[in-house]
Amino acid sequence: MQETKRCGGVCLFPFFILGIYDKRMSSGFQIKPKTAIQKSKTSSSISPDLAVKPQPRPSDKLNPKTIDPFGDHSKAPSAFSAIYSKGGIPCRLVHGSVKHKLQWECLPETLPFDPLLITLAEGLRETKHPYTFVSKEGFKELLLVEDATEKAIPLLPRLVPVLKAALAHSNGEVFERGLNALVQLSAIVGPALNDQLKHLLTSISKRLMDKKFKEQITVALQKLEQYGGKVS
């Protein structure tokens, strides 16, 4: 082994090591702690796949269009839903074990058609339960009262634009409700609807090329012709 150098009988090796250490310290060689920015970069590098995502509930598939009472209702309600929530529609939905039905607060025969029938027609454009059922069933049951023809004919100029909006709706279920309501109205008012049909046939014909609605539309047109007579 090589002998350690001595100076005046003193070992120089420990002083040599200390000198190297002092030079490194004086030159700024030291371990610095991570800054906040570096920490944030490290934390942001975590894969988003590892983040916890909310899982859908099994009950979400049962009533996907039912209104959520605990949801965010910052969006302005529709005219029909606002009127229904305030008690402006004199009937309520009764849930049955087999099917639903309406319970009227008073006999439908005693109710004025203006503006109730028009309000129910506007509700045909709803897409959430219970508004969809209440508007559809309420419109049908109101037209079944004894003097429905005399009450409905004066309202045709105001009813037709509302039904046209339902027939022109992008939602297929809304279109179907509008088409059924139109046939129900035609069965009650008969030829009185003929002058208004030209405003509705354009929206109906646009759906005629859709195989899903072709048969239903064909049947509806046959019934409109039957109820409207030769002129229709």
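The values are calculated or read from the model by the stated rules, or taken from the named source; none is laboratory data. Values in this document were obtained by computation on a predicted structure and should not be read as measured data. Every residue, glycine among them, receives a Cβ derived from its backbone with ideal geometry; neighbour counts consider all protein chains shown. Protein only, heavy atoms only, side chains kept; ligands, DNA and RNA dropped before computing areas. Shrake-Rupley method; radii C 1.70, N 1.55, O 1.52, S 1.80 Å.
Quick one: is Ile83 within 25 Å of the chain's Cα centre (by Cα), β-branched (Val, Ile, Thr), at pLDDT 90 or above and in a loop (DSSP other than H, G, I, E, B)?
Answer is no for this residue.
Of the conditions (1) in a helix (DSSP H, G or I); (2) surrounded by fewer than 16 Cβ atoms within 10 Å (Cβ to Cβ); (3) without any contact (Cβ under 8 Å) to a residue 40 or more places away in the chain, Pro191 clears all except one; give me its number.
(3)
So, in the range 97-125, of the ones that are β-branched (Val, Ile, Thr) and farther than 29 Å from Ala168 by Cβ, which residue ends up modelled with the lowest pLDDT?
Looking at the filtered set, the residue picked out is Val98.
Conditions tested, residue by residue: (1) in contact with a Ser or Thr (Cβ under 7 Å, 6 or more places away or on another chain); (2) of a type in the set (A, V, I, L, M); (3) under 23 Å from Glu150 (Cβ atoms).
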{"residue": "His169", "(1), (2), (3)": "no, no, no"}
{"residue": "Glu176", "(1), (2), (3)": "no, no, no"}
{"residue": "Leu182", "(1), (2), (3)": "no, yes, yes"}
{"residue": "Thr202", "(1), (2), (3)": "no, no, no"}
{"residue": "Gly228", "(1), (2), (3)": "yes, no, yes"}
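Would you check if Gly138 is at positive phi and part of a helix (DSSP H, G or I)?
Here the answer is no, as Gly138 does not meet what is asked.
What number of residues in the range 214-232 are in contact with a helix residue (DSSP H, G or I) (Cβ under 6 Å, 6 or more places away or on another chain), open to solvent by 40 Å² or more (accessible area, probe 1.4 Å) and not hydrophobic (A, V, I, L, M, F, W, C)?
Residues in the range 214-232 being in contact with a helix residue (DSSP H, G or I) (Cβ under 6 Å, 6 or more places away or on another chain), open to solvent by 40 Å² or more (accessible area, probe 1.4 Å) and not hydrophobic (A, V, I, L, M, F, W, C): 3 in total.
For (1) within 15 Å of Phe113 (Cα to Cα); (2) among the acidic types (Asp, Glu); (3) part of a helix (DSSP H, G or I); (4) at pLDDT below 95, each residue gets a yes or a no:
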{"residue": "Val145", "(1), (2), (3), (4)": "yes, no, no, no"}
{"residue": "Glu150", "(1), (2), (3), (4)": "yes, yes, yes, no"}
{"residue": "Leu155", "(1), (2), (3), (4)": "yes, no, yes, no"}
{"residue": "Gly178", "(1), (2), (3), (4)": "no, no, yes, no"}
{"residue": "Ala187", "(1), (2), (3), (4)": "no, no, yes, no"}
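Could you tell me whether the range 206-213 includes any residue that is buried (at least 19 other Cβ atoms within 10 Å of the Cβ) and assigned to a helix (DSSP H, G or I)?
Taking every residue of the range 206-213 in turn, none turns out to be buried (at least 19 other Cβ atoms within 10 Å of the Cβ) and assigned to a helix (DSSP H, G or I).
Within the set of pairs 6+ apart or on separate chains, which have a first residue in the range 128-157 that is within 23 Å of Gly87 (Cα to Cα), a second that is open to solvent by 50 Å² or more (accessible area, probe 1.4 Å) and not in a helix (DSSP H, G or I), and C-beta atoms under 7 Å apart?
Matching pairs, first to second residue: Lys128/Lys65; Lys128/Thr66; Lys128/Ile67; His129/Asn63; His129/Lys65; His129/Thr66; His129/Ile67; Phe133/His100.
Restricting to the range 157-176, give me the number of residues that are assigned to a helix (DSSP H, G or I) and out of contact with any Asp or Glu (no Cβ under 9 Å at 6 or more places or on another chain).
10
Restricting to the range 122-150, and then to whatever is β-branched (Val, Ile, Thr) and more than 16 Å from Leu179 (Cα to Cα), can you tell me which residue is surrounded by the most Cβ atoms within 10 Å (Cβ to Cβ)?
Of everything passing the filter in the range 122-150, Val134 is surrounded by the most Cβ atoms within 10 Å (Cβ to Cβ).
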